[in-house]
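Only one structure is covered here, and it is reproduced in the block below.
Where a number appears in this text, it was derived from the coordinates with a stated rule and is not lab data. Computed from a predicted model, the values in this text were never measured in an experiment. Neighbour counts run over all protein chains shown; Cβ positions are idealised from the backbone, glycine included.
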Amino acid sequence: MNFKLTISYDGSNFSGWQIQPNERTIQYEIQNAIKEIFQKQNIKLYGSGRTDSGVHAINQTANFLIENTNMSEKQIVDAINSKVSRDIYILDCQKTNENFNSRYSAKNREYLYKISRKYTPFIRKYTWYQNYSLDFHKLQECSEIILGEHDFSNFCKSISLKEKNFCNISKSIWEITEDTFFYKIKSNRFLHHMVRMLVGTMVEVSKNRITVEDFYNMINNPNANKKIVTSPALGLYLYKVDY
């Protein structure tokens with residue numbers, strides 16, 4: 001039996017999704033809860049993606065396989081939520097086909113980034129505070145440059161560079177409210193730190209520290225002179241996974 005979980009979590013106090021020795025991670029905490037519930041030590045939880053330390057999720061997806069159970073999906077949700085910490089919450093559980101894999105079955109992933117123009121201690125762990133005046137039109141101009149398929153080698157943490165760094169961006173848009181900038185980006189795949197590097201560099205353009213033309217060259221020329229800035233993890237959310 002294969003069960004698909006939809007998960008929300010506050011990543012502030014975790015060292016990311018993926019299990020790491022001697023670190024607190026989301027995958028370990030949920031997987032350990034599932035092992036306790038079903039009294040099986042060989043259960044493995046598969047996530048749709050590996051969010052970094054400090055990154056949050058509104059709708060992360062994961063799946064696990066077990067031989068058999070009489071528990072309903074709601075009972076599984078309630079059981080896991082009773083065992084994990086309060087900064088993790090299982091939103092939904094669905095029985096799915098045996099071939100489903102939350103990572104490899106995904107067609108697109110969508111991320112959300114939040115920038116606050118007004119400081120408050122209550123959201124300091126969940127938005128990137130900027131006391132500069134940001135040019136919204138330049139942010140939007142940059143976001144349109146990102147659309148389509150590009151080689152994002154310039155926007156990838158160097159230790160994770162691979163031969164194929166092409167991603168196909170189907171959504172890239174900035175929205176604004178009175179106090180907050182929201183950036184949404186959807187792609188068939190993402191590179192390590194890619195969204196944070198895109199956001200940080202677009203913000204540099206909006207502050208007139210680099211030009212829109214510079215940004216265009218960084219997107220369209222993998223060998224362009226890099227002026228990349230990485231935004232902090234705290235403003236980033238895994239928003240949705242499409243199957």
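Rounded to the nearest 20, the Cβ-based charge dipole of the range 108-242 about its Cα centre (Lys and Arg +1, Asp and Glu -1) stands at 560 debye. Positive contributions from Lys and Arg (+1) and negative ones from Asp and Glu (-1), summed over other residues with Cβ under 11 Å from the Cβ of Lys118, come out at -1. Residue by residue, the range 93-109 carries 3J(HN,Hα) couplings of 9, 9, 6, 10, 6, 5, 8, 5, 10, 4, 8, 7, 8, 5, 9, 8, 10 Hz when phi is fed to the Karplus relation 6.51 cos²θ - 1.76 cosθ + 1.60 (θ = phi - 60°); x denotes Gly or Pro. Spatially, the range 184-233 and the range 90-144 are offset by 16 Å when compared through their Cα centroids. For Glu175, Glu204, the sequence from fewest to most other C-beta atoms within 10 Å is Glu175, Glu204. Sequence gap at least 6, Cα distance under 8 Å: using those rules, report the relative contact order of the chain to the nearest whole percent. After rounding, I find 24 percent. Among His150, His56, His192, the order by Cβ neighbours within 10 angstrom, fewest to most, reads His192, His150, His56. How large is log10 I(q)/I(0) at q = 0.07, 0.09, 0.10 Å⁻¹ when the Debye formula is applied to the Cα atoms of the chain, each weighted equally and without solvent? Taken in order of the listed q values, log10 I(q)/I(0) reads -0.26, -0.42, -0.51.
Once both axes come from the Cα atoms, what is the angle between helix 73-83 and the longest principal axis of the chain, in degrees from 0 to 90, rounded to 10? The helix 73-83 is inclined about 80 degrees to the chain. Please determine, in degrees from 0 to 90 and to the nearest 10, the orientation of helix 194-206 with respect to the longest principal axis defined by the Cα atoms of the chain, where the helix direction is its Cα long axis. Tilt relative to the chain: about 30 degrees.
Taking Cβ atoms as reference points and 13 Å as the exclusive limit, the residues near Asp214 contribute a net charge of +2, counting Lys and Arg as +1 and Asp and Glu as -1. For helix 26-38, report the angle its Cα long axis makes with the longest principal axis of the Cα atoms of the chain; keep it between 0 and 90° and round to the nearest 10°. The helix 26-38 is inclined about 10 degrees to the chain. GNM remark for the chain: springs join alpha carbons under 10 Å apart, and the peak mean-square fluctuation among Leu112, Leu198, Leu147 falls on Leu147.
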